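Trainee: The structure is given below, and queries will be raised subsequently.
The values are calculated or read from the model by the stated rules, or taken from the named source; none is laboratory data. Bear in mind that the values here come from a model prediction, so they are computed numbers and not experimental data. Note that we place each Cβ from the backbone using ideal geometry, even for glycine, and neighbour counts take in every protein chain shown. Keep in mind that these areas ignore ligands, DNA and RNA; they rest on the heavy atoms of the full protein, side chains included. Shrake-Rupley method; radii C 1.70, N 1.55, O 1.52, S 1.80 Å.
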Amino acid sequence: MDWLNEYLERSDEVYGIGRSCPFDIPFYKIDLSNIENLYKAVEAFNTDFDLVILNAGILGEIKLMKEWSVKELNDIFIVNVWANKVLIDLLEKWAKKIVIISSGAAVNGNPGWGGYALSKCVLNMMVSIYSKEINTPVFAVAPGVIDTDMVRKVISAEREKFSSVERVDKSKIELNEGVRKLVKLFDNLDKFESGSFIDIRNVEID
């Protein structure tokens with residue numbers, strides 16, 4: 001998700017970790033499936049943050065639940081759940097707010113999205129639990145259907161076999177529009193209770 005450009009255009013100070021970054025910002029290159037290296041990545045910055053956005057995620061294949069192996073599911077959980085758990089543990093002492101990008105898939109239960117949907121459902125519950133255990137406000141946000149590489153992978157799936165594909169294709173919005181909506185929501189998180197699962201399609205921000 002191209003948040004970086006939106007924040008840089010308003011002269012915010014931005015830091016990042018991940019596989020790659022097209023912007024000239026303090027950045028730590030890392031594969032989030034390597035959990036142990038997350039500690040080094042966070043310690044490299046050693047600064048306070050007004051907002052932390054945890055956006056990394058793996059979609060996995062679009063296939064029936066019975067076709068998923070436990071190893072495949074665990075590979076998705078490492079990035080979508082456990083890496084986020086470690087990052088919350090490391091960052092909550094430095095962050096004023098933490099947002100984790102969830103998905104409507106966490107509650108919709110559409111066929112074909114097994115690994116991704118399960119991981120996002122667990123992620124939502126983890127956010128709820130953390131909100132009761134730490135002082136830093138933490139939120140799970142579903143960004144809606146934004147035209148990204150992940151969404152394009154979904155809509156390339158077999159439509160006769162997976163009924164949600166057609167709906168996803170018809171409801172997707174342009175990337176810049178989606179990012180602007182999300183940044184506006186992030187600027188207004190004080191209106192929501194810590195631990196909330198916020199689907200941006202179901203809220204209106206003045």
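Trainee: Which one, 83, 22, 106, projects farthest toward the positive side of the charge dipole computed for region 1-121 from Cβ point charges (K/R +1, D/E -1)?
Mentor: Going by the charge dipole, the pick is 106.
Trainee: Please arrange 4, 185 by accessible surface area, largest first, computed with a 1.4 Å probe and ligands excluded.
Mentor: Values: 4 40, 185 0 Å².
Final ranking, largest accessible area leading: 4, 185.
Trainee: While we're on this one: Hey, what number do you get for the chain at 222 nm if only DSSP H runs of n ≥ 4 count, each worth -39500 (n - 2.57), divided across all residues, to the nearest 500? Please report the intermediate quantities before stating the final value.
Mentor: On the way: 9 runs with 82 residues, N = 206.
Here the helix-only value at 222 nm equals -11500 deg cm²/dmol.
Trainee: For the chain, report the accessible area per residue in Å² (1.4 Å probe, heavy atoms, rounded to an integer).
Mentor: On the way: 11190 Å² over 206 residues.
The answer is 54 Å² per residue.
Trainee: Taking amide H atoms as placed 1.01 Å from N in the peptide plane, list the residues 5 or more away in sequence, or in a different chain, whose amide H sits under 5 Å from that of residue 142.
Mentor: Residues meeting the criterion, in which the H sits 1.01 Å from N, are 102, 198, 199, 200.
Trainee: With label points built 7 Å along Cα→Cβ from the Cα atoms of residue 188 and residue 96, find their separation and express it in nm.
Mentor: If labels sit at residue 188 and residue 96, their model points lie 1.8 nm apart.
Trainee: Based on the alpha-carbon set only, what is the convex hull volume of region 44-123 divided per residue, in Å³? Intermediate results must be reported in sequence, preceding the final value.
Mentor: Numbers: hull volume 7.0 nm³, N = 80.
Residue-normalised Cα hull volume stands at 87 Å³.
Trainee: Also: Quick query: amide H of residue 28 versus all other amide H atoms, modeled in the peptide plane; which residues come in under 5 Å with a sequence gap of 5 or more or a different chain?
Mentor: Long-range HN contacts for residue 28: 16, 17, 18.
Trainee: For residue 71, which aspartates and glutamates qualify as cross-link partners when the Cα separation must be under 15 Å and same-chain residues fewer than eight apart are set aside?
Mentor: Candidates past the 8-residue exclusion: 61.
Trainee: To continue, here is another question. With all protein chains present and a 1.4 Å probe, how do 150, 125 order by accessible area, largest first?
Mentor: Values: 150 65, 125 110 Å².
Sorted by accessible area, descending: 125, 150.
Trainee: How much length is gained if the chain between residue 15 and residue 174 is pulled fully straight, taking 0.36 nm per residue apart and subtracting their Cα-Cα distance, in nm to one decimal?
Mentor: Values: separation 159, 0.36 × 159 = 57.24 nm, distance 2.49 nm.
Net length gain for the segment: 54.8 nm.
Trainee: Distance from the Cα centre of region 119-154 to that of region 58-113, in angstrom?
Mentor: Comparing the Cα centres of region 119-154 and region 58-113, I get a distance of 8 Å.
Trainee: Here is a follow-up. In the Gaussian network model of the chain, springs joining C-alpha atoms below 10 Å, which of 166, 133, 193 carries the largest mean-square fluctuation?
Mentor: Most flexible of the set in this elastic network: 133.
Trainee: Also: Roughly how large, in nm² to one decimal, is the mean projection of the convex hull of the alpha-carbon atoms in region 19-68? The partial results should precede the final answer.
Mentor: Working: hull surface 21.5 nm².
Its average projected convex-hull area is 5.4 nm².
Trainee: I would also like to ask the following. If I model a spin label at residue 148 and residue 5 as a point 7 Å from the Cα along the Cα→Cβ vector, what separation in nanometres do I get?
Mentor: Placing both labels 7 Å along Cα→Cβ, they lie 1.5 nm apart.
Trainee: Between residue 167 and residue 23, what is 0.36 nm times their sequence separation minus the Cα-Cα distance? Round to one decimal in nm. If you can, show how the numbers build up before the last one.
Mentor: Numbers: separation 144, 0.36 × 144 = 51.84 nm, distance 3.37 nm.
Net length gain for the segment: 48.5 nm.
Trainee: Just to confirm the filter: which trypsin sites (Lys or Arg not before Pro) across region 59-113 are DSSP coil and have at most 15 other Cβ within 10 angstrom of their Cβ? Mind dumping the intermediate values first?
Mentor: Values: sites: 63, 66, 71, 85, 93, 96, 97; in loops: 93, 96, 97.
Answer in residue order: 93, 96.
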